[in-house]
Amino acid sequence: MITLMQDFILAIRSRLRPHDALATVAEAWLEQGATESEGSNAGPDVSWLIHDGGGRPSKRPPWCAYFVSSCCRQVARAGFTVEYVRTGRAVSHWIKAPPERQVNRDDIWDEPDFRGLIFVRTRMSKPETERQKVLDGINRQGHTGIVVDIDREARTVTCVAGNSSGYGHSRVRGGGAVAKEVMTEGDESWKRLVGFVRVTPQPKDVA
């Protein structure tokens, strides 16, 4: 299945912009059904994503950040320009991003090219105050994934994330997989949403 994904990535290069390519790769992993088929944080696809994202599968680490790193790396291998952090720590995708690539939480509705943005939030099991700590540059436990759609009328942001039960690291229990998550403005996940990171050039910057 990994070979099929690599062939897919190469096939999309000629017809997609970088930001859309990144979202499409995440959606392909969702459709493929990558899941923890061999216990917590383990399974053929999960182990590959952890390794490709810069981690050690033998350690069975939480892998949402590795999923993002791997998707970015896959798109970069296809020849796209992607500026990202290869990390297993979710909040590092925000903290280590230059300010010009950070998108404030409440500015997402004005983003014309939202597909492929990286979302970063703190864990649902932690208090809302953890969000401000990350904004102040302090590492905290978090969750991350890739934006694939927004609905400005319904005020929802739809994402694809690894190590998720559909809610990410939350109070809801369930096996980890590549899953779709929806955040609604004002809900518990939104209150913990640090912001978004742009890892690909904006279309106007792409020749």
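Every read-out reported here was derived from the displayed coordinates using simple, explicitly stated rules and does not represent laboratory data. Not measured: the values here are computed from a predicted model. Don't worry about glycine lacking a Cβ; one is built from the backbone with ideal geometry, like all the others, and counts go over all protein chains shown.
By the combined test of axial Cα extent (at least 18 Å) and Kyte-Doolittle hydropathy (mean at least -1.0), the qualifying DSSP H helices of the chain come to 18-32, 64-77. For the range 11-69, the C-alpha radius of gyration divided by 2.2 N^0.38 Å, with N the number of residues, is 1.21. Entry note, the chain: relative contact order of 24 percent, from Cα contacts under 8 Å with a spacing of 6+ residues. Here the dipole of the chain is about 740 debye; that uses its Cα centre as origin and unit charges on the Cβ of Lys and Arg (positive) and Asp and Glu (negative). Over the C-alpha trace of the chain, radius of gyration and Dmax come out as 15.6, 45 angstrom. In plain terms, the residue of Val197, Val75 with the fewest other Cβ atoms within 10 Å comes first and the most crowded comes last, giving Val197, Val75.
Among the GluC sites (Glu not before Pro) found in the range 114-170, those both in a DSSP coil and sparsely packed, with 16 or fewer other Cβ atoms within 10 Å of their Cβ, are Glu128, Glu153. Under a Gaussian network description of the chain, with springs only between Cα atoms under 10 Å, the residue in Ser69, Ser47, Ser125 that fluctuates furthest is Ser125. In summary, the aspartates and glutamates within cross-link reach of Lys96, defined as a Cα separation below 19 angstrom excluding same-chain residues under 8 places away, comprise Glu83, Glu130, Asp136.
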